[in-house]
1. Does Ser105 count as surrounded by 19 or more Cβ atoms within 10 Å (Cβ to Cβ) and either closer than 14 Å to Pro34 by Cβ or in the same structural domain as Leu49 (by TED's automatic domain parsing) (or both)?
2. Looking at this structure, is His187 loosely packed, with under 12 Cβ neighbours inside 10 Å, out of contact with any strand residue (DSSP E or B) (no Cβ under 8 Å at 6 or more places or on another chain) and farther than 18 Å from Gly139 by Cβ?
3. Is there a residue being more than 20 Å from Asp106 (Cα to Cα), surrounded by 12 or more Cβ atoms within 10 Å (Cβ to Cβ), touching a strand residue (DSSP E or B) at 6+ places or on another chain (Cβ under 7 Å) and modelled with pLDDT of 95 or more anywhere in the range 30-40?
4. I need the full set of residues from the range 119-133 which are within 11 Å of Gln24 (Cβ to Cβ) and in contact with a strand residue (DSSP E or B) (Cβ under 6 Å, 6 or more places away or on another chain), in order please.
5. Scan the range 45-61 residue by residue and report those that are assigned to a helix (DSSP H, G or I), over 14 Å from Ala100 (Cβ atoms) and either not hydrophobic (A, V, I, L, M, F, W, C) or not assigned by TED's automatic domain parsing to the domain that holds Ile112 (or both).
6. Could you please let me know if Gly164 is of a type outside the set (Ser, Thr, Tyr), in contact with a strand residue (DSSP E or B) (Cβ under 6 Å, 6 or more places away or on another chain) and assigned to a helix (DSSP H, G or I)?
7. What is the one condition in (1) in contact (Cβ under 8 Å) with a residue 40 or more places away in the chain; (2) closer than 21 Å to Gly157 by Cβ; (3) out of contact with any His (no Cβ under 7 Å at 6 or more places or on another chain) that Asp131 does not satisfy?
8. Got a sec? Which of Asp106, Asp114 is in contact with a strand residue (DSSP E or B) (Cβ under 7 Å, 6 or more places away or on another chain) and outside any helix (DSSP H, G or I)?
Amino acid sequence: MSLLYGLFTQRLSKMGAVLLATVQRGTLYICGTPIGNLGDITLRALEVLKDVDLIAAEDTRHSRKLLDHFGITTPLTSYHEHNEKGKALELVKRLEQGEAIALISDAGMPGISDPGQEVIQLCLEKGIPLDVLPGANAGLTALLLSGMPNDHFLFHGFLPSQSGARKKELQSYAQLPFTQIFYEAPHRLVATLGDLLEIFGDRETAVVREITKLHQSVHKGALSTLIHEFKVTSPRGEICVLTSPYVPAPPVGGEQEWREEVGALTEQGMKPNDAMKMVAQKYGVSKREVYQAVLSNKD
């Protein structure tokens, strides 16, 4: 693979393409890495990982497999949730001394449901240059795979592992009119879907598994259906859960209620046409239906 990468970059260089920028000393590079398929790393990320002085990785053993695959021998140091605060200070000190450092997580973009925010904030506070190299993202990939509405969406990452705390958090999301994206571990999936059913109702949901990997799959349907499916077949792999936007149910009402509300609105000075339009929107019916109800009462 490293040979193919070298040949490809040489080919682009001969074609006159502006391929990769030179690594700047004293700069922190936030590098996105593949979320499954190793082919999803960018050429720019490979070049930066090769040329920096140090790579800060969430799990050095995991990242070494990626680097070995591409023939990258840059030294590694660990940077994870348990040493983040102290290690961030150490990395900043090395950056101030002129070293170039790349930050990577096990998969995806550092700082997004992964360690990274601490050192990024420190760099910004101290005026240390940083650059972000875009890469694969599980949440966005799952959003497109699921077919859920994507004009407006919210990314939440991982919910609390305990059901009580999870339900409390979900309560604040229950009536948001957006597609919502969560990450979840396979052993908690059924419990989380159950809490979603209790708080959100039996809403259309998608469970996207093993993104970009051999067994990538999309399971879509009502929450109750998905719970039954995953009780029968235990889920495996990394998971994204996407819930459809909240749509309020129209108020229950009949022709008598429509007529009374149109009458009340017109008595307040609203034009009959506008009053019928407002009542139709409230009850989720057509304006013509409201008009017919008012007309029949006059007859």
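The values are calculated or read from the model by the stated rules, or taken from the named source; none is laboratory data. Remember, predicted model here, so these are calculated numbers, not experimental data. All Cβ positions, even for glycine, are placed from backbone atoms using ideal geometry, and neighbour counts span all protein chains on display.
1. Numbers: surrounded by 19 or more Cβ atoms within 10 Å (Cβ to Cβ): yes; either closer than 14 Å to Pro34 by Cβ or in the same structural domain as Leu49 (by TED's automatic domain parsing) (or both): yes.
For Ser105, the condition - surrounded by 19 or more Cβ atoms within 10 Å (Cβ to Cβ) and either closer than 14 Å to Pro34 by Cβ or in the same structural domain as Leu49 (by TED's automatic domain parsing) (or both) - is met.
2. Details: loosely packed, with under 12 Cβ neighbours inside 10 Å: yes; out of contact with any strand residue (DSSP E or B) (no Cβ under 8 Å at 6 or more places or on another chain): yes; farther than 18 Å from Gly139 by Cβ: yes.
Answer is yes for this residue.
3. Here is the first cut: in the range 30-40, the residues more than 20 Å from Asp106 (Cα to Cα) are none.
No, the range 30-40 contains no residue that is more than 20 Å from Asp106 (Cα to Cα), surrounded by 12 or more Cβ atoms within 10 Å (Cβ to Cβ), touching a strand residue (DSSP E or B) at 6+ places or on another chain (Cβ under 7 Å) and modelled with pLDDT of 95 or more.
4. Within the range 119-133, Leu130, Asp131 meet the criteria.
5. Once the filter is applied, which keeps residues that are assigned to a helix (DSSP H, G or I), over 14 Å from Ala100 (Cβ atoms) and either not hydrophobic (A, V, I, L, M, F, W, C) or not assigned by TED's automatic domain parsing to the domain that holds Ile112 (or both), the range 45-61 yields Thr60, Arg61.
6. Numbers: of a type outside the set (Ser, Thr, Tyr): yes; in contact with a strand residue (DSSP E or B) (Cβ under 6 Å, 6 or more places away or on another chain): no; assigned to a helix (DSSP H, G or I): yes.
So Gly164 fails the test.
7. Condition not satisfied by Asp131: (2).
8. When all the criteria are applied, what remains is Asp114.
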